[in-house]
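This report refers to the structure that appears directly beneath it.
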Amino acid sequence: MIKLLFLFFSIQLICEKGICQEMHIDRITVKYVNRNILTIFDINCNEFEKDLKGSIKEKNIEDSLILTNFKQLLKTIKYEKRNGSIDVRNKLYIYYSNKLNPEIICTDGYRKIMLNGRKIRNNKKLIEIVNSWTL
């Protein structure tokens, strides 16, 4: 009984600190370049801004309906078993109201996509949406 009470109060304390709150996307910052741009080496996600600094365009997505739909789409992703890198042309920063650091999506501008450094299985809808923001 004591263990059960301890568990209940622990969960209540965690929820009071805001950890149990629903994650809400505040905005998505999209940084992108022409996906057909040629480079002499692959651009990785971490070096995207540094390596392509003169060519990057940027836009913010703040429409609440778009953000809600995007959040639902993120819940459907499945990860590849093998990880690796991709030649990045788009980088998205997903900012949450109750999370200090943003999640990061990188894509090659075609069909390869990563979330926080992990490759995502082919997700046509997610790729279509991201690519539509970079035109």
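For the range 21-133, calculate the relative contact order in percent as a whole number, restricting contacts to Cα pairs under 8 Å that are 6 or more residues apart. Let's see the in-between values first.
On the way: 189 pairs, mean separation 35.7, N = 113.
Relative contact order comes out at 32 percent.
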Checklist entry - What are the aspartates and glutamates whose alpha-carbon lies under 12 Å from the alpha-carbon of Lys57, with same-chain residues fewer than 8 places away excluded? => result Glu49
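Got a sec? How would Thr39, Thr29, Thr76 order by Cβ neighbour count within 10 Å, fewest to most? Walk me through the numbers on the way to the answer.
Numbers: Thr39 12, Thr29 15, Thr76 9.
Ranked by crowding around the Cβ, least crowded first: Thr76, Thr39, Thr29.
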Item to check | Cross-link partners of Lys53 among lysines (Cα-Cα below 21 Å; sequence separation of 8 or more within a chain) | outcome: Lys31, Lys91
Checklist entry - What is the spin-label model distance, in nm, from Phe41 to Ser85 if the labels are put 7 Å beyond Cα along the C-beta direction? => result 0.8 nm
Item to check | Spacing of the two label points (7 Å from each Cα toward its C-beta) at Asn34 and Lys57, in nm | outcome: 1.1 nm
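Since every read-out is calculated from the coordinates, none of them should be taken as a lab result. Model, not experiment: these values are computed from the prediction. Methodologically, a virtual Cβ is constructed for each residue, glycine included, from the backbone with ideal geometry; neighbour enumeration extends over all protein chains shown.
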